[in-house]
1. Please list, in chain and number order, the residues 5+ apart from A:SER238 or on another chain whose amide H is under 5 Å from its amide H, with Hs placed from the backbone.
2. Can you compute the label reach from A:VAL112? Point 7 Å from Cα along the Cβ direction, backbone N cut-off under 18 Å, restricted to segment A:203-228.
3. Amide H neighbours of B:ASP20 under 5 Å, at least 5 residues apart or on other chains, H built in the peptide plane: list them.
4. Tabulate in residue order the Karplus-calculated ³J(HN,Hα) for segment A:189-196, using 6.51 cos²θ - 1.76 cosθ + 1.60 with θ = phi - 60°, rounded to whole Hz; enter x for Gly and Pro.
5. Run the helix sum for chain A: -39,500 (n - 2.57) per DSSP H stretch of 4+ residues, divided by residue count, reported at 222 nm to the nearest 500 deg cm²/dmol.
6. Using a basic spin-label model with each label point 7 Å from the Cα along Cα→Cβ, how many nm lie between A:VAL262 and B:LEU115?
7. Please report the orientation-averaged projected area of the protein assembly as shown, defined via the convex hull of its C-alpha atoms, in nm².
8. Return the loop-located trypsin sites (Lys or Arg not before Pro) in segment B:189-251 (DSSP other than H, G, I, E, B) with at most 14 other Cβ atoms within 10 Å of their own Cβ; answer none if there are none.
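Please treat every number below as a calculation from the coordinates, not as lab data. Everything quoted here is computed from the prediction, not taken from an experiment. Note that each Cβ is placed from the backbone with ideal geometry, even for glycine, and that neighbours are counted across all protein chains shown.
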Amino acid sequence: MLDFLQALSDGVLFGATYALIGIGFTLVFGVMHKINMAYGAASVGGAYCGLLVLQVMAGAPPLVVFFCAFLAGGLLGWLVYLTCFHFIPITNPLATLMATVGMLLLIDEIIVHTTAGMPMAYPAMFDDVMLRVGEFTLRGDLMMVFAVSVLCMAGLLALLYRTRLGLATRAVSQQTVAALLCGIRVGQVNATTFVVTGLLGGIAGAMIGASVGTLSPLLTTPLTVKGLIVTVIGGLGSVPGAIIAGLMVGGFESVLQLYRGVTERDLYVMLLLFVFLVFRPGGLFAAKGGRD
Amino acid sequence: MALLELKGVSRHFGGVRAVDGLDLAVEPGQVFGLIGPNGSGKSTTVNLVAGLFPLTAGAIAFEGRSLEALPTHLRLQAGIARTFQNIRLFGQLSVWQNLWVAQNSPEDRARHGFLARWLGGQSGARDEILPLLEFSGLAHKRDELASNLSFGEQRRLELARAMATRPKLLLLDEPAAGMNSEEVGQLRERILSLRGRGVTILLVEHVMELVMGVTDRIAVLNFGQKIAEGTPAEIQADPAVRKAYLGGEAA
């Protein structure tokens, strides 16, 4: 029982990073009705860019690395928008999808070539802190990961629900034509969405690096798959859904890793997705409203 | 000089000539009615002025400047706003937020810096939004989600949202569709009040009670072409109009 609780809490804390990735997929889908397949790779790429700081400034504090990953993620998000959406015919449903798949492979290749495919150590914070309640422990680095992720989500929700920028974003996702005719610059809103999701992705990548201790190019594909699973389970286009689904998938895979081992773990995550697709295809929070 | 001038405007969809060589001139301050049987090209004309799709031929000028090169969201900057035949509100935003998010006129843009404008709170726009809420009679529902409003309230909100963009020219696409006669009466008062404030209105409408009551001038379309233009009284007496509407020989 204690093992179960331990695995569950570790998993839920780590799941906050999945939630961030899920939010990235779901926001872009909500606003543009497009899947940005390059998102997971761009997030890992952002985290790698954070490591560049250590090249320039050896021994820089982890917070600086995280912040650079955050900014680099935003920049990558904008680049993905520019290359895969801005100049690509948006009405063709396959064009942007294939462009982002290409971008996924490109980012992956760039990472492999610049790091020679070797995993790189990633800085963490509070990794020597342990909260103990009897046998039950809470790892300091995981709590930091969770706290940073929650902070980012709170920031995002405030942006989406409290500011005009967020309202304009939601307006575009609900009624694109009417938003255009209210003078909202839909192209700018789309680009901003990519930058904001990119920022979140950069921090998610950095948090994954911090909690695992290393970054490896092998991370991009599983992260993309997990992100999409979280998005579908949460309900395409639903931010609260992505948050809950992220924590849920994190806890679920951690518990199954405990009982079935790391090799079988992802199998059960797929099974969870299957169950959702069969019994609740709209996800936890099927998107309300939508376009037209 | 006419505020809005259409010269030889055509829009073809494949072989269908939705609008075919249309000339119109809407003077500043006018309420201009555009009527005609279903499929005669009225809504297409509105969409062309709003910039939802390009012209096949002809030219549209607003305040003497060609609209052709102006993308949709910049037409609003120029002072053109519209409402939709099928309501298109932001359903998951509140009444207040629907109005707030539509404040994109050059005056509103100029008033605040970029950051204050996009990241500032909702309270900044109180002075502009409260009169709009009063105008639409929705002050008591300001925090209600737009999708929870009744049909009539949604239509009022859509009109208020168009006004929030501070238009010089307002395109109303069948604003009275589905309204009962009491609501049509209220709508008529609202349109006249807008006209009193100097807003020019292009009104597309089937409800003749409204069209004849508020317009200064009417153009009648049939099969994408203008078959008559004149004051409401002239139009009511026009044999070609009667023929188009009644189908038979003119009386």
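1. Correct list: empty.
2. The answer is A:215-225.
3. For B:ASP20, whose amide H was placed from the backbone, the distant partners under 5 Å are B:ARG11, B:GLN225.
4. With coefficients 6.51, -1.76 and 1.60, one gets 4, 4, 4, 4, 4, 5, 5, 5 Hz.
5. Using -39500 (n - 2.57) per qualifying helix, the result is -25000 deg cm²/dmol.
6. Modelled inter-label distance: 4.4 nm.
7. If you wrap the Cα atoms of the protein assembly as shown in a convex hull and average its projections, you get 30.1 nm².
8. Numbers: sites: B:ARG190, B:ARG195, B:ARG197, B:ARG217, B:LYS226, B:ARG242, B:LYS243; in loops: B:ARG197.
In loop regions of segment B:189-251 (DSSP not H, G, I, E or B), the sparsely surrounded trypsin sites (Lys or Arg not before Pro) are B:ARG197.
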